[in-house]
Structures are given as C-alpha cells and as structure tokens.
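Novice: I'd like to ask some things about the structure below.
Throughout, read-outs are computed from the coordinates displayed, never taken from laboratory work. This one's a predicted model, so the numbers in the text were calculated from it and none came from an experiment. Cβ placement follows ideal geometry from the backbone for every residue including glycine, while neighbour counts extend to all protein chains displayed.
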Amino acid sequence: MKYIWHNIGNEKVIDILEKNIKNKMLANFYIFSGTKDLGKFSLAKDFARNVFVSENPEFEKMDNLLDVNSDFFVIEKVPDKKNISIEQIRDLISSLSSSSFLGSYRIVVIKNAENLNQNSANALLKVLEDFKDKLLVILTVNNLEALPKTIVSRGQLLNLHSVDLDYVYNFLINDFKASPSVAKNLASLSLGRPMLAIKFLENETFYEEYEHIFESLLDFFNSDFLERARIIDDIYHYDFSSGGSFNILEIWQSLVRDLSFLNHDRVDFIQNKFAIDKLRKREVSLDFLFKIDLILKKSGEYLKSNIGIKAIMEYIAVNI
C-alpha cells in the first residue's frame, strides 16, 4: 500500500514511522517533540491513518477515516481551561474499556501534552499500563521539559525540527500556488515552520494581526512610558495565552534579531521582511539590543512562573 504523509519536511522522522508500520514494530507510545507549528499534530494524524489503513486496507480511499472512526481519539486542553484535566483522561479510560470498532488498534493523540497536569499525567501512565494490547498513544509537545520525566521515559521520542527556508519557499509555490514574492516573505517569517507559513498564507487576519503587533512593538523604541502603556492596551486583546495564536516574547526576540542583523548589514537574514523599511529607521546600538535581550530572558523566567502577559509587557515597557 502507499502511505500518505502531508508535506511538512522532517523526512527522517517520517521514514522511521513508515518502517515501524511496514515491519509491524509499532511502539505503544510515541512523543513528537518540537517547537510550535512544525506540523506535529498533522504528522500524528497521518501516522494514525496509515496505521489504520495498514490493518484495514479496504479503508485506503476513505478520506474521512479519522472523522468516523470510533477507535481514534484526540485529547487537548479545553478552551478557557488551564490544563488537560484528569476527567478527560478518565473519559478516555472509559472509552478504551469498550471493544474496538475495527478490531485493530485504538489510537490516542494528545495534542500539546505539556498541558497535562500532575493528576492527568499520572492517569495517562495508568492508561499505558492497563491498555497495552493494540493501543497506540501519541503525544505532541512544544516544550518537552514541561512533561514529567516519568512520561518522557516511557515513550519513543521523535524530535521534529525547522526545515530549510528553501523547502518552505518551494512548498508554498508548488502546493499552494503562492507567488514567489509571497513565498519568500512567508518562508522567512515562519523560520522554517511549514504550518505557520500556511497559517500566514491562508488566514489574512492572522497575518495582519501579526504585522500590527510587530510594528507596535517596534514603536516602543521612540515612545515614552504613557505611549508604551497605550500600545500595550492596544495589542493586549490578541491571543497571547499559552498555546495561543501569538507568542509575545518570540515576536520581541525576532525584532531584536532583525535589528541586530541590520547593525551587521545582514539584510538577507532578516525574518520580518515586510517591515524592513521601518526597521531601517530605528537606529539602535548593539549595547541597547544586548540590554533588551537580557530583559526578554528575564521576562521568559517570569512567564514560566505564571506571571500574566500584561504584567510582563509592562515590565518590558518600564525597563527598555
């Protein structure tokens, strides 16, 4: 049979998974780790579908196989909740206790598994202990360090990485018919993350919001504190939550990198090419950029301590 994989790069990982299926050497538990928007969830669904079809070839042409298959489960954090709850894992245990619909594998994908809390993580360990026969569990995780070591030690870890910008460029042109100029801009903007490039291409509002946030942060440099407070109020309503649409520190860091590249006359390395004219108007010393970098690192520590996004923005506004 022919296995179907979405075009996200990371061919070495795909080769490992395909060999596992072909040789019937599937692990009970996989962890797909890597930064956000690499396509980990897309890969997990492709892997699940290929496993189902390898066991049931008659479903090979069924495009909606995962949608109608009661042996396939996706668990993720409920919107407005802090974590994946133990109740969600208990519901999974209840479902797994019934017979398999296809008589083959039951496959569970836990998306953004760093959102497991201690109780739900312990319940997941019980799932792995109690349902070993024909059960495949796949975790996707943006931050491996956030997973309990007892979870990590049980799984087959597969690390996904950013791909070459040329790969993303050609991917956007060939698969999505993007123009060369758009593909070049989005390949740089995505930093080799295919799913982020697709999101920018297909969601005009998302792209415009990102532009607005970036240019607003750029305005911090020539603004007094009151103006910075106004900027914070202006952009605060965007989704900066954990796992949300935008990562405020990542955008800040991209701004600092781009200004540093301009200082070294390395325009080709700039990520936010859409703002290159505005970046050139900001003459910022390397010493000042170093200071901002230290402030951002400190802000990252505060974020890990669950300090609110707005408080972190205000800390940056006061100290830069």
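Novice: Counting Lys and Arg as +1 and Asp and Glu as -1, what is the net charge of the other residues whose Cβ lies under 9 Å from the Cβ of ILE320?
Specialist: Residues close to ILE320 contribute a combined charge of +2.
Novice: Could you work out how far apart the two model spin labels at LYS12 and TYR302 are, taking each label as a point 7 Å from the Cα in the direction of the beta carbon, and quote it in nm?
Specialist: The answer from the label model is 3.8 nm.
Novice: Just to confirm my numbers, what's the Cα centroid distance between segment 139-190 and segment 36-54 in Å?
Specialist: 14 Å
Novice: May I ask you to derive the relative contact order of segment 163-202, considering only C-alpha pairs under 8 Å and at least 6 residues apart, and to give it as an integer percent?
Specialist: Numbers: 36 pairs, mean separation 18.1, N = 40.
After rounding, I find 45 percent.
Novice: Taking the 0 to 90 degree range and rounding to the nearest ten, how far is the long axis of helix 248-263 tilted relative to the main principal axis of the chain, both from C-alpha atoms?
Specialist: Approximately 50 degrees, to the nearest 10.
Novice: Given an 8 Å cut-off on Cα distances and at least 6 residues of separation, report the relative contact order of segment 138-281 as a percent.
Specialist: Reported relative contact order: 18 percent.
Novice: Next up: Rounding to the nearest 10 and keeping the result within 0 to 90°, find how far the Cα-based axis of helix 165-176 lies from the longest principal axis of the chain.
Specialist: 70 degrees
Novice: With an 8 Å Cα cut-off and a minimum separation of 6 or more residues, compute the relative contact order for the chain in percent.
Specialist: Averaging sequence separation for qualifying contacts and normalising by length gives 17 percent for the chain.
Novice: At R0 = 41 Å, how high is the FRET efficiency between LYS132 and LYS61 if r is their beta carbon distance? Nearest 0.05 is fine. Walk me through the numbers on the way to the answer.
Specialist: Values: r = 31 Å, r/R0 = 0.76.
Taking R0 as 41 Å, the efficiency between LYS132 and LYS61 is 0.85.
Novice: How much net charge surrounds LYS291 when only the other residues with a Cβ under 14 Å from the Cβ of LYS291 are counted, with Lys and Arg +1 and Asp and Glu -1?
Specialist: 0
Novice: ASP219: net charge of surrounding residues, Cβ under 13 Å, Lys/Arg +1, Asp/Glu -1, itself excluded?
Specialist: 0
Novice: Just flag the trypsin sites (Lys or Arg not before Pro) in segment 72-121 sitting in loop per DSSP whose Cβ has no more than 13 other Cβ atoms within 10 Å.
Specialist: Counting only loop positions with at most 13 other Cβ atoms within 10 Å, the trypsin sites (Lys or Arg not before Pro) in segment 72-121 are LYS81, LYS82.
Novice: Report, in degrees rounded to the nearest 10, the 0 to 90 angle that the Cα long axis of helix 309-319 makes with the longest principal axis of the chain.
Specialist: Tilt relative to the chain: about 30 degrees.
Novice: Write out the chymotrypsin sites (Phe, Trp or Tyr not before Pro) in segment 157-258 meeting two conditions: DSSP loop, and at most 15 other Cβ atoms within 10 Å of their Cβ.
Specialist: TYR236
Novice: A further question on this structure: Okay, helix-only estimate at 222 nm for the chain: each DSSP H run of n ≥ 4 adds -39500 (n - 2.57), divide by all residues, round to 500 deg cm²/dmol; what do you get?
Specialist: After summing the helix terms and dividing by the residues of the chain, the value is -16000 deg cm²/dmol.
Novice: Also, I was wondering about something else. DSSP loop (so not H, G, I, E, B), at most 13 other Cβ within 10 Å: list which trypsin sites (Lys or Arg not before Pro) in segment 170-250 pass both filters. Don't skip to the answer; put the middle values down first.
Specialist: Values: sites: LYS177, LYS184, LYS199, ARG228, ARG230; in loops: LYS177.
Passing both the DSSP loop test and the Cβ count: LYS177.
Novice: Assuming R0 = 41 Å, can you tell me the calculated FRET efficiency for the pair HIS161 and LEU226, based on Cβ-Cβ distance, to the nearest 0.05?
Specialist: 0.45
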